[in-house]
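The block underneath contains the structure these notes are about, expressed in C-alpha cells.
The values are calculated or read from the model by the stated rules, or taken from the named source; none is laboratory data. What you see is a predicted model, and the numbers here were worked out from it, not measured in a lab. Every residue, glycine as well, gets a Cβ built from its backbone with ideal geometry; the counts of neighbours run over all protein chains shown. For the accessible areas, the whole protein counts, side chains as well, though only heavy atoms, and no ligand, DNA or RNA atoms are used. Shrake-Rupley method; radii C 1.70, N 1.55, O 1.52, S 1.80 Å.
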Amino acid sequence: MENFKIDVDADGIALITFDVPGRSMNTLTSGVMQEIPEWVERIKTDDAIKGAVLTSGKASGFCAGADLGDMAGGMLAGGSLQDAYDAGWKLNGALRALETCGKPVAAAINGLALGGGLELTLACHYRVVGDSSKIQLGLPEIKVGLFPGGGGTQRLTRLIGVQAAMMAMTEGKSFRPNDAKGAGFVHEVVPVGTEVEAAKAWIKGGGKAVQPWDDKSFKLPGGGPYHPVGVQNFIVGNAMIRKQTYGNYPAATNLMKAVYEGVQVPMDAALRIETRYFIKTLMTPQAQAMIRSLFLSKQELDKGAVRPAGVPKSDPKKVTVLGAGMMGAGIAYVQALAGIETILIDQTQEAADKGKAHVEELLKKRLSRGQIDQAKYDALLGSVTATTDYDLITGSDLVIEAVFENREIKAEVTKRAEAQLAPGAIFGSNTSTLPITGLAEASVRPEDFIGIHFFSPVDKMMLVEIILGEKTGEAAIAKSLDYILKIKKTPIVVNDGRGFYTSRCFATYVAEGLAMLEEGYAPALIDNLGRMTGMPRGPLEMHDDVALDLSVKVAKQTALDLGDKYQPLPGSEIVRVMVEDLGRYGRKNGKGFYDYETKPKTLWAGLSDLAPVKINDSTPELIEDQKQRLLYRQAVEVAKCWDEGVIDDPREADVGAILAWGFAPWTGGPITFIDQTGLKAFVAKADEYAERYGDRFKVPQFVRDMAAKGETFYGNFEGKKAAA
C-alpha cells in the first residue's frame, strides 16, 4: 500500500500508520479510500493480529479530511445516480467493516482530525488524543456546502446526542482535545507523543471490539424523534436551521433529515440513509459552487496561484506599520504571530503604545486559551516595537501604511518612510478607496509601491486585496504575495480603480439598501431581505458597522476627484443629514440607522421622518424579487470591474467577494452566480431591473456577447489555462 504502513508487534497489535506520500498533510484521496478496505480485511482475517492502532505518520496532523476535488469528481464521474451512490458508499462501507471487524481498534490521534479524518477515528472503538492546543477535532463540511458523509452524522449523534451533534455539525465547530473528551467523543487525552502507547494499553487491557450502537442495550443519548424530550431537538432544530440559513443551504436541511431518519434505524440502514442524502447534497448547485470557491479556488490562491513566475521567493523578516489604530495594531498582531519583527509607528508615543496594547490584549486571549505558553507570549509581544521614530524603519523588507484616509497625510508618511528603505524594499498602502496610482505619485520608487488592503478586524478577516498601480513592478507583486502567505491570509490581486474591487462592489450592496429606503421600503424589511439573500447582515446595519461618516467623507472626496462626472447615489442625502445635521455616525458612536444604547439594538425611530415608509407589507413574490435585486446589483458591478480590467480571474472575484464583504456564500461568489444563472437569463433579468431602477443595473456589452455565444466566465478561464 502507498498510503498506509502496517507493523505488527510482539503482542499482536498492528500499528497502522497513515502517511500519504508527497503531501504535508494526510487527506482522504481516492487512493486512500481504495486502500482502507485492504488493511481492514487484513485486521479481520490475520490471526496473528489481536487488535490495531491507527495513527498518522505526519508531524502536521492526523488527517485534514477528504480531498474534495478528487472526491466530488470521482463520485459524480459515472453520470448516473446509482453510480454516484455506489461511489459515495465506498468509504461508509469500508468504515462500517472496520468497526465490525471483530477485533479492537483504537485511534491514536496525534494531530488535527477534521471532516473525513475525524469520521475515520469515529469508526474505531477507542480514541486517544494528544494534549495539544494545536489539535482540532471537528466536522466542518457545512462550510463548503456539504455535511459529513463518512458516517459522521450517525456516529457523532449516537455518541453525544442529537442536540450536541447537530450544533457541532451545523456550525462546523472544531473542538480542542479536552473539550472533545468533555463532549463525549474522545476517551482519553494524553501527553503528546504517548498516543500510540496509550492506545495499545487499552487493547492490552481488554478493549471491547464492539461499538456502543451495536450493543443490544444501546440507547440514544437524549432520546430520538419519538422520545418526550428528544422530539424537541427536531422541532426546535428545524426552526433554528431555517432561521440561520433562510433555506439557502440544502446541506443543513439534508443533514437534519439524515439524522432524523438515521437514528430510528440500525446503523447499517442509517449509513445508507446518510449516503443518499450526502449524494443528493453533493449534486446541488450550492454545494458544487461552494466546493469550487471555498475549497478548491481558495486552496489555489493560498498556495500562490497568482504569483508572478520567475521572481525569486522572498521571506520578510522585518515589517514596519505606519499608524497604530485598530487596523495598524491588527496588522502588527498577525505579523507577530507569523514571526515577523514589527515596528509600529504613530505620531505620538501614547498612540503607538495604545496600538501595542491592542496586540497585547489579543495575545493574552491566546495565552488564556492555552494556544501559546508564557515564553511564546513574551517573545511575540517583544517582537513589536511601538515608537514615533522613523529611523527604526531601517532594515525593513516592507512598510505598510495604515494612516487616516487622506491623500496629503499618506503622501507625507510615504516620503518619510521611503527615506529609510533599502533598494528592493516594498511600500504598501492599506487604503480602501484611494487609487494607488495617485498615491504612488508621492513615491520616488513607484515600481515598489503597491496597495495592500486589509479588512477589519484584521485578526479575523482572512482576505487581503493587493492593488497594482500603473508602475507597480512584478517584484513588488511577488514580494507582497510572499508576505500575505506568510501571515496566513488569502490574497487576491486586482488592478487600480476607485474603490478597487472589494470596496467598490461592497458599496453597491449598501447603496442599493439606501435606494430601497428612499423608495419607501420599511427599514426592517430592507435588512431582513439582505439577510435572506445570504449576506451576513442587512445593508442598513452593515452601513452602520462601516460608519456613516466614513461614507460621507468618501463621497465628498469622490465628488472632488470626479468633478462634473460625479453622480450622487440614491439615498446619499439621507446619510448626509444623519451625519452632519444629527451626529449619527453609526455603531461607533451608538447612533446610526439603529440605536445601540439598548440590547438588542433597535431601529432609530426618527428614520421614518427622513424616509417615510410606503412599502411595509411583503409577499413571496416581492421578497424573491428584491432578494434577487440585491444580488444582481452586486454581480453587475463585478461584471463592470471585469470589463474595466480591475479583475480578470473568476477565482479571485468569487473568493474575494465571499471573504471580503460576505457575498452570499451559497452562490459560490458573484461570477459563479452569473454562470449558474446562465448568462442569457442573467442579462434578461438585469435588463428588467435596469428598466425599473436605472442604469446601475446595465450589463456591460461583453457579457451580452458571451451570452449570445453560450459562453461562461469559468469556461473561458479554463480554456485560457489549457491554451497556456
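Here are a few things to note about the model shown:
- Screening the candidates 134, 103 for the property of being surrounded by fewer than 21 Cβ atoms within 10 Å (Cβ to Cβ), at pLDDT 95 or above and within 29 Å of residue 191 (Cα to Cα) yields one hit, 103.
- Search result, residues across region 643-660 that are under 19 Å from residue 303 (Cβ atoms) and not in a helix (DSSP H, G or I): 649
- Residue count, region 444-463 (criterion: in a loop (DSSP other than H, G, I, E, B), open to solvent by less than 30 Å² (accessible area, probe 1.4 Å) and among the aliphatic types (A, V, I, L, M)): 1
- Verdict on residue 680 being under 29 Å from residue 468 (Cβ atoms) and either modelled with pLDDT under 95 or open to solvent by 10 Å² or more (accessible area, probe 1.4 Å) (or both): no
- Failed criterion for residue 637 (all others in (1) out of contact with any helix residue (DSSP H, G or I) (no Cβ under 9 Å at 6 or more places or on another chain); (2) in contact (Cβ under 8 Å) with a residue 12 or more places away in the chain hold): (1)
- Residues of region 372-410 satisfying the condition of being touching a residue at least 24 places away in the same chain (Cβ under 8 Å), farther than 23 Å from residue 455 by Cα and surrounded by fewer than 16 Cβ atoms within 10 Å (Cβ to Cβ): 388, 389, 391, 394, 395
- Matching residues, region 661-677, being within 23 Å of residue 709 (Cα to Cα), open to solvent by less than 10 Å² (accessible area, probe 1.4 Å) and either touching a strand residue (DSSP E or B) at 6+ places or on another chain (Cβ under 9 Å) or part of a helix (DSSP H, G or I) (or both): 670, 671, 672, 674
- Within region 1-58, tally of residues that are modelled with pLDDT of 95 or more and among the small types (Gly, Ala, Ser): 8
- Being more than 26 Å from residue 159 (Cα to Cα), part of a loop (DSSP other than H, G, I, E, B), in contact (Cβ under 8 Å) with a residue 12 or more places away in the chain and open to solvent by less than 30 Å² (accessible area, probe 1.4 Å) is a condition met by at least one residue of region 243-258.
- Hits in region 191-220 - residues which are touching a strand residue (DSSP E or B) at 6+ places or on another chain (Cβ under 6 Å), open to solvent by 60 Å² or more (accessible area, probe 1.4 Å) and not in a loop (DSSP other than H, G, I, E, B): none
- Filtered by the rule that a residue be within 20 Å of residue 201 (Cα to Cα) and within 30 Å of the chain's Cα centre (by Cα), region 23-56 gives 55, 56.
- Within region 440-463, the set of residues being in contact with a strand residue (DSSP E or B) (Cβ under 8 Å, 6 or more places away or on another chain) and among the hydrophobic types (A, V, I, L, M, F, W, C) comprises 440, 449, 450, 452, 454, 455, 462, 463.
- Condition met for residue 195 (within 30 Å of residue 12 (Cα to Cα) and free of Cβ contacts under 8 Å to residues at least 40 places away in the same chain): no
- Filtering 511, 524, 515 for residues that are surrounded by fewer than 17 Cβ atoms within 10 Å (Cβ to Cβ), modelled with pLDDT of 90 or more and in contact with a Leu (Cβ under 8 Å, 6 or more places away or on another chain) leaves a single hit, 524.
- Applying the criterion of being open to solvent by less than 40 Å² (accessible area, probe 1.4 Å) and polar (S, T, N, Q) to the residues of region 493-508, the residue that is modelled with the lowest pLDDT is 503.
- When the residues of region 648-657 are filtered to those that are out of contact with any strand residue (DSSP E or B) (no Cβ under 7 Å at 6 or more places or on another chain) and more than 13 Å from residue 631 (Cβ to Cβ), the one that is most open to solvent (accessible area, probe 1.4 Å) is 648.
- Residue in region 63-72 that is open to solvent by less than 20 Å² (accessible area, probe 1.4 Å) and either at pLDDT 90 or above or of a type in the set (D, E, K, R) (or both) present: yes
- Count of region 28-57 residues which are surrounded by 20 or more Cβ atoms within 10 Å (Cβ to Cβ) and either over 26 Å from residue 100 (Cβ atoms) or among the aliphatic types (A, V, I, L, M) (or both): 9
- Among residues that are of a type in the set (Asp, Glu), farther than 16 Å from residue 494 by Cα and either open to solvent by 20 Å² or more (accessible area, probe 1.4 Å) or part of a loop (DSSP other than H, G, I, E, B) (or both), residue 441 is included.
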